[in-house]
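The values are calculated or read from the model by the stated rules, or taken from the named source; none is laboratory data. The shown structure was predicted, so the numbers you read here are calculated from the model rather than taken from an experiment. Please note: Cβ atoms are built from the backbone with ideal geometry, for glycine as well, and neighbour counts cover all protein chains shown.
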Amino acid sequence: MPRVARAPSPARRCHRSLQRTGKAALALLVLLAILTACGRLPPPPVHPFLQEPFPEKLSDWHLFVGQSPRLQPNQRVIPYDLNTPLFSDYASKYRFVWMPPGTSASYRDDGVFDFPVGTVLAKSFAFPVDGNPGKNEERLIETRLLVHSKTGWIGLPYIWNESQTEAHLDLAPDPVPIRYTDSAGTRHDFTYFIPNANECKQCHENNHAVLPIGPKGRNLNKNFVYADGPANQLAYWTKFGYLQRAPAADQAPKVAAWNDPDAGTLDARARAYLDNNCAHCHQPGGTAGYTGIDLRVTDTGLRTFGVCKSPNSSGRVGTLSYDLVPGHPEQSILLARMTSIRPKEMMPQIGRSVVHEEGVALIRDWIQAMPVDDAACARNPSHPVPGARSRKPGL
Ligand code: HEC
Ligand code: HEC
C-alpha cells in the first residue's frame, strides 16, 4: 500500500518554519558579526536624546564602542584634553565631544564655544584598580554628560557598575569608597562624592544658565595624540568640521599647563590653575560671583584675586583677615581654604574630598613670590567695614 504522506500537523509546520527562520536569523547574525569584525559595518551612530525621558543606560547613547583598556569612542566622537584641568581627588578624566552631522561650534576668544543644539559633551572619571600599582589598570566610576537640548544644557550623571559593563543614570548617586596605592607607593583611602544632578549647577551655572566650562580656546590650544597622530586640538576640531572661525593655534590664546614649569611662569601657571579650579564659581554671574573675587585668568588686576580683601561672607578662617596677603601664604585665606577639607571652609566646597597637595604648593609659591608690602593691607580701602557685608543677590 502506497504510504500516503500525511500532511504535517499545524504545530509541526510551525515548528519547522521556526527552525528555518531560526537558521536564517542565525546565519544573518553570523554574517553581521563577520562584517562588523571586518570593519565593513560601522557601529550604530550616536543617538542623542534631547528631552526627557533620558535613557537609563549610557550605552543607549552609542557614544562608546568599548571600554577596554580605555573608553573607545564611536565615530564622530572626538576625545579632547585641557591645558590645565580641574582637580578631582586625583581621578583620571576622559573627555569627549560629539555634534550632530552638519553642525559645528562657533569659536569665541574669551569664553566657552557656542555649541549647536544636539551637542553631547562627556567626561568620565576613573581611579586605579587596587593592588596593581603602576599597572595602569583603572576602574571607571562615572560618566557625566552635558547635553545641549533646545531649552538649554542638561547635566546627567551615569554611574558605572562593578563589572564595568554599563553605566546607569542615577540622579542622586551614592558616595564611592576609593582605595589604591599609586606608583609612588602612596596609599589613597577616601570617600569619593559624585555630585548629584542638581549639584552640577553649583559649578556649571552662570547667570542661572547651565553652561560647559572647559571647551574654550585657551584650554584646548594644545596638542592631542589622536588615533591618527598628534595634532593641535583647535586645528583638528576645525578640520573635522566641529569648529568655525578659530584662529590659527599660534594666534589663539593659551593657558599654561599648571604643572609644567616649561609651559609658563609661576604667575601664568598659578592663574591657569585658579582659572580652571575656581573661576567657574568665582566670576561675575557665577555662584560665588557675589563674593567679589574674580579668579579668571583673563582678569588682569590682582586686586580681584582678593589681595588685601576681607572676606564678605562666611569666608573667614581662624584669625586670618584677608583673602590674599602678598608674600604671606600663611596669612592668606585663599590658600587656607584650599588646604582645608572641613565643610564650609574648604575650597572648592564641592567636587573634592582630599587636598590637592601639588596645587596647594603651586599657589603657596605664587603668593610667596609676590612683592611684599606689609603696610599694603592696612592701607587697603577694602578693610572690613562693620555692617557692610555684601549679600547674595536676591537674598
Ligand atoms: C566642583 C565643580 C563641578 C561640579 C560639581 C560639576 N562640574 Fe562638570 N566640570 C567642572 C569643570 C571645572 C569642568 C572643566 C574642567 C575639566 O574638565 O577638568 C567640568 C567639565 C565637565 C564636562 C566636560 C565639558 C565641560 O563643561 O568642560 C562635563 C560633561 C561635565 N563637567 C558634566 C558635569 C555634570 C553632569 C555634573 C553634575 C553631575 C558636573 N559636571 C558637576 C566643574 C564641575
Ligand atoms: C562650587 C563653587 C565654588 C568653587 C569651585 C570655588 N569656590 Fe570659593 N567660594 C564659593 C562660595 C559660594 C563662597 C562664599 C561662601 C563662603 O565663603 O564659603 C566662596 C568663598 C571663597 C573665598 C572667600 C571670598 C570672600 O572674599 O568672601 C575664597 C578666598 C575662595 N572662595 C577661594 C576659592 C578658591 C581658591 C577656589 C579654587 C581652588 C574656590 N574658591 C573654588 C564657591 C566656590
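Of all the residues that make up the stretch 259-285, how many are more than 13 Å from PRO348 (Cα to Cα) and either among the aliphatic types (A, V, I, L, M) or touching a residue at least 24 places away in the same chain (Cβ under 8 Å) (or both)?
11
Please go through the stretch 295-318 and give me each residue that is at pLDDT 90 or above and over 20 Å from ASN83 (Cβ atoms), ordered by number.
Within the stretch 295-318, GLY306, VAL307, CYS308, LYS309, SER310, PRO311 qualify.
Under the condition of being under 15 Å from ASP275 (Cβ atoms) and among the charged types (D, E, K, R), which residue from the stretch 193-220 is farthest from the chain's Cα centre (by Cα)?
Filtering the stretch 193-220 for residues that are under 15 Å from ASP275 (Cβ atoms) and among the charged types (D, E, K, R), the one farthest from the chain's Cα centre (by Cα) comes out as ARG218.
Among the residues of the stretch 334-345, write down those that are within 15 Å of ligand 1 (Cβ to nearest atom) and crowded, with 19+ Cβ neighbours inside 10 Å.
Passing the criteria: ARG337, MET338.
Considering only the stretch 288-308, state which residues are within 16 Å of ligand 1 (Cβ to nearest atom) and not basic (Lys, Arg).
If the condition is that a residue be within 16 Å of ligand 1 (Cβ to nearest atom) and not basic (Lys, Arg), then ALA288, GLY289, THR291, ASP294, LEU295, VAL297, THR298 are the ones that fit.
Per-residue answers, yes or no, for (1) small (Gly, Ala, Ser); (2) surrounded by 15 or more Cβ atoms within 10 Å (Cβ to Cβ); (3) assigned to a loop (DSSP other than H, G, I, E, B):
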residue	(1), (2), (3)
TYR236	no, yes, no
LYS239	no, no, no
PRO247	no, no, yes
ASP250	no, no, no
LYS254	no, yes, yes
PRO261	no, no, yes
ARG271	no, yes, no
LEU274	no, yes, no
HIS280	no, yes, yes
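Filter the stretch 298-323 for residues that are surrounded by fewer than 21 Cβ atoms within 10 Å (Cβ to Cβ) and within 30 Å of GLY217 (Cβ to Cβ); which is farthest from ligand 2 (Cβ to nearest atom)?
Only one residue fits best here, namely THR300.
All but one of (1) outside any helix (DSSP H, G or I); (2) basic (Lys, Arg); (3) modelled with pLDDT of 95 or more hold for LYS201, so report the exception by its number.
With respect to (1) outside any helix (DSSP H, G or I); (2) basic (Lys, Arg); (3) modelled with pLDDT of 95 or more, LYS201 is out only on (1).
Which ones in the stretch 324-333 are surrounded by 21 or more Cβ atoms within 10 Å (Cβ to Cβ), free of Cβ contacts under 8 Å to residues at least 40 places away in the same chain and farther than 7 Å from ILE367 by Cβ?
Of everything in the stretch 324-333, just one residue is surrounded by 21 or more Cβ atoms within 10 Å (Cβ to Cβ), free of Cβ contacts under 8 Å to residues at least 40 places away in the same chain and farther than 7 Å from ILE367 by Cβ, namely ILE333.
Within the stretch 256-274, can one find any residue that is within 9 Å of ligand 2 (Cβ to nearest atom), in the same structural domain as ALA375 (by TED's automatic domain parsing) and under 19 Å from the mean Cα position of the chain (by Cα)?
Yes, because at least one residue in the stretch 256-274 is within 9 Å of ligand 2 (Cβ to nearest atom), in the same structural domain as ALA375 (by TED's automatic domain parsing) and under 19 Å from the mean Cα position of the chain (by Cα).
Can you pull out every residue in the stretch 138-154 that is within 12 Å of ligand 1 (Cβ to nearest atom), out of contact with any Phe, Trp or Tyr (no Cβ under 6 Å at 6 or more places or on another chain) and farther than 17 Å from PHE125 by Cβ?
Once the filter is applied, which keeps residues that are within 12 Å of ligand 1 (Cβ to nearest atom), out of contact with any Phe, Trp or Tyr (no Cβ under 6 Å at 6 or more places or on another chain) and farther than 17 Å from PHE125 by Cβ, the stretch 138-154 yields VAL147, TRP153, ILE154.
Give the stretch 155-193 a look and list any residue that's in contact (Cβ under 8 Å) with a residue 60 or more places away in the chain and within 13 Å of ligand 1 (Cβ to nearest atom), or say none.
Scanning the stretch 155-193 gives LEU156, TYR158, ALA167, LEU169, TYR192, PHE193.
Report, by residue number, each residue of the stretch 282-297 that is touching a helix residue (DSSP H, G or I) at 6+ places or on another chain (Cβ under 9 Å) and surrounded by fewer than 20 Cβ atoms within 10 Å (Cβ to Cβ).
Within the stretch 282-297, THR287, GLY292 meet the criteria.
Just to be sure before I move on: is LEU335 at pLDDT 95 or above, not assigned by TED's automatic domain parsing to the domain that holds GLY111 and not in a loop (DSSP other than H, G, I, E, B) in the structure I sent?
Against the criterion (at pLDDT 95 or above, not assigned by TED's automatic domain parsing to the domain that holds GLY111 and not in a loop (DSSP other than H, G, I, E, B)), LEU335 qualifies.
Which residue, of PRO348, PRO371, PRO311, is within 16 Å of ligand 1 (Cβ to nearest atom) and in a loop (DSSP other than H, G, I, E, B)?
Answer to the check: PRO348.
Suppose we keep only residues that are touching a Leu at 6+ places or on another chain (Cβ under 7 Å) and in a loop (DSSP other than H, G, I, E, B) within the stretch 118-166. Which one would you say is surrounded by the most Cβ atoms within 10 Å (Cβ to Cβ)?
Filtering the stretch 118-166 for residues that are touching a Leu at 6+ places or on another chain (Cβ under 7 Å) and in a loop (DSSP other than H, G, I, E, B), the one surrounded by the most Cβ atoms within 10 Å (Cβ to Cβ) comes out as GLY118.
Which one of ASN223, ASN232, ASN219 is modelled with pLDDT of 95 or more, closer than 20 Å to ASP109 by Cα and surrounded by 24 or more Cβ atoms within 10 Å (Cβ to Cβ)?
Every option except ASN219 fails the conditions.
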